[in-house]
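Worksheet: the structure to be examined is printed underneath.
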Amino acid sequence: MSIAPHDPSPIDAHTGTATTGHEWDGIRELNTPLPRWWLYMLYASIVWAFGYMIVYPAVPLVSSYTKGLFGWSARRAVAEELAALTAQRAPMVNALAAASLTEIEKDPKLLSFARAQGKAAFGDNCAPCHGAGGGGAKAFPNLNDDDWLWAGTLEDISATLTHGIRSADPQARVGNMPAFGADGLLKPAEVSAVADYARSLSGLAVDAKADLKTGAKVFEENCAACHGPEGKGIQEIGAPNLTDQIWLYGSDKATVVEGINKGRGGVMPNWGGRLDAGTIKALAVYVHTLGGSGG
Amino acid sequence: MSLWNKHAIFERNSIILILGVLIVISIGGLVEVLPLFYLKSTIEKVDGVRPYTPLELAGRNIYIREGCYNCHSQMIRALRDEVERYGHYSLASESMYDHPFQWGSKRNGPDLARVGNKYSDDWQRRHLHNPRDVVPGSIMPGYPWLAKTELQASRISQDMSVLAIEGVPYTSEMIENANVDLKAQAADDDAGAAALVKRYPKAAARAYGEEKGVVTEADALIAYLQMLGTQVDFKIYDDKANLR
């Protein structure tokens, strides 16, 4: 192999194209030029890059960096976009903020806006627990039915959304089902009897051998204070109605016994600090139209 | 002989070629990366960002071990749709104690930068056990073993020592009390909770799991998830002071 950088005849006789001047065992390499259009695009993009460096923030300096001619910044850009969005929504948002929850439900225009905004916020924030359509899941209440743990009026829903349930918010809704079994308040036989009794309240079939009499007595002494003497529940403390067919955790006896043994107490986060007041209002209206009760 | 013909030196000497390649590549790296270390404007000054508590750190280790970052990012970009969905865009200071950071680059699942306190502990437990129990359309795999596996945290103080070398302001007091703090944070009404909160402001101490007296891997992971993105109070944070 020999390399001859200064070949006296660099033009290839067959193609008329210049060669690189290198020669390997008599074979020469053609030096076909790059297509002109490609080459000019390359030069143009280099020029563009310099322009870009001047116009946009680019070069790091000692204690700062070049800000660019337009002073563009990603954070200012998004702040402006959000401000434009707020301005665009302002007329309806202000109308929503000024109107009471009941007025919103009576005004078709406000209602449809609140529902649309509420639906979007619901998908982002509430759907993971309560389901995409508010259908709920085990341990997470269905919002479509008429059964409400903490009352389903617009004001109640709004308060629940703002402060949460058993959340870190000092105004959160609180109310605890004690762990009757785990804390030794009831003996296993009593738990079993009261579980049968509780199931019988909603007309579920119970074992023929079930001691409903003991169950009723245990219920009266331990459960009636929160669930009411008839087991219809008290919404102020989130004690569920036991006489309906709706069971948050399941209606089989093992699940009911587990609930009495360990206690129950679902947590809903407080959205007051995370979502703005308008969004919470829209959410309250949206949830209320799903299955709310009363005014 | 023009300058262009000098390339023959590189083409004929492999060592010189390698050195040349190294120099050219490092110019790109130095110009893009090095300024981030000395430019003060890179990391905003904010109140509230503290190092992870031992329990959160143990949870973070599990997050990394299980490869959560393969599908979840922790980086809300300064884009309108992301801010609308996830909340305030992420600040550099919010991940300044992350080694390695968990920004991620894939979002098969949602961004987790502000997932803290968004859902209840119970939801996180059920969701980790089997995501489809709570989100029917989820494609996330279940992690049922986390709630059954006791957390092995005997080396957590060593983790903290290493992070201290990397610049995380863990004090010797924090490192000494690592296991005490870890237990205090994982239980309701633990006697050590006050000392924990003193060392790590706003640390949330409670029983993250259902089983009393046992700290599981799921408890640690949930403690970590529940604090993500909650340290900076955006009611008092001044956006305009940190435009860039």
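The values are calculated or read from the model by the stated rules, or taken from the named source; none is laboratory data. Remember, it's a predicted structure, so these values are computed and weren't measured experimentally. Here Cβ is always computed from backbone atoms with ideal geometry, including for glycine, and neighbour counts include all displayed protein chains. The area values use the complete protein model at the heavy-atom level, side chains included, leaving out ligands, DNA and RNA. Shrake-Rupley method; radii C 1.70, N 1.55, O 1.52, S 1.80 Å.
List of remarks:
- Enumeration of residues in region A:261-277 that are open to solvent by less than 20 Å² (accessible area, probe 1.4 Å) and farther than 18 Å from A:Pro240 by Cβ: A:Pro269, A:Trp271
- Pairs, first touching a residue at least 60 places away in the same chain (Cβ under 8 Å) in region B:26-45, second part of a helix (DSSP H, G or I), C-beta under 7 Å, six or more apart: B:Glu44/B:Ala92; B:Glu44/B:Ser93; B:Glu44/B:Asn242
- All of (1) part of a helix (DSSP H, G or I); (2) more than 15 Å from the chain's Cα centre (by Cα) hold for B:Arg107 with one exception: (1).
- Across region B:39-56, the qualifying residues are those that are at pLDDT 85 or above and part of a helix (DSSP H, G or I), and the one among them that is farthest from the other protein chains (Cβ to nearest Cβ) is B:Pro54.
- Wholly within region A:177-291, helices (runs of 4 or more DSSP H) carrying at least 2 residues that are over 30 Å from A:Met92 (Cβ atoms): A:188-201, A:212-218, A:224-227, A:253-262
- Among the conditions (1) at pLDDT 90 or above; (2) open to solvent by less than 50 Å² (accessible area, probe 1.4 Å); (3) within 14 Å of chain B (Cβ to nearest Cβ), the only one that A:Asn142 does not satisfy is (2).
- Of note, B:Val232 satisfies the criterion of being outside any helix (DSSP H, G or I) and surrounded by 12 or more Cβ atoms within 10 Å (Cβ to Cβ).
- Near pairs, Cβ below 9 angstrom, 6+ apart or cross-chain, from region A:46-58 (over 20 Å from A:Ala74 (Cα atoms)) to any residue that is in a helix (DSSP H, G or I) and among the charged types (D, E, K, R): none
- Under the condition of being within 14 Å of chain A (Cβ to nearest Cβ), surrounded by 13 or more Cβ atoms within 10 Å (Cβ to Cβ), in a loop (DSSP other than H, G, I, E, B) and not hydroxyl-bearing (Ser, Thr, Tyr), the residues counted in region B:121-179 number 4.
- Considering residues of region A:224-241 that are open to solvent by less than 40 Å² (accessible area, probe 1.4 Å) and touching a Leu at 6+ places or on another chain (Cβ under 9 Å) only, the residue nearest to A:Ala159 (Cα to Cα): A:Gly238
- Residue in region B:10-24 that is under 27 Å from A:Arg76 (Cα atoms) and open to solvent by less than 90 Å² (accessible area, probe 1.4 Å) present: no
- Where a residue in region B:74-101 is within 11 Å of chain A (Cβ to nearest Cβ) and its partner, wherever it lies, is of a type in the set (Phe, Trp, Tyr) and not in a loop (DSSP other than H, G, I, E, B), with Cβ under 8 Å and at least six apart: B:Ile76/B:Tyr86
- Only one entry of A:Glu258, A:Glu221 meets the criterion of being surrounded by fewer than 16 Cβ atoms within 10 Å (Cβ to Cβ) and either within 14 Å of chain B (Cβ to nearest Cβ) or farther than 15 Å from A:Asp196 by Cα (or both), and that entry is A:Glu221.
- On inspection, A:Ala132 fails the criterion of being within 8 Å of chain B (Cβ to nearest Cβ) and farther than 25 Å from A:Met268 by Cβ.
- Number of the exception - A:Ala179 against (1) within 35 Å of the chain's Cα centre (by Cα); (2) without any contact (Cβ under 8 Å) to a residue 40 or more places away in the chain: (2)
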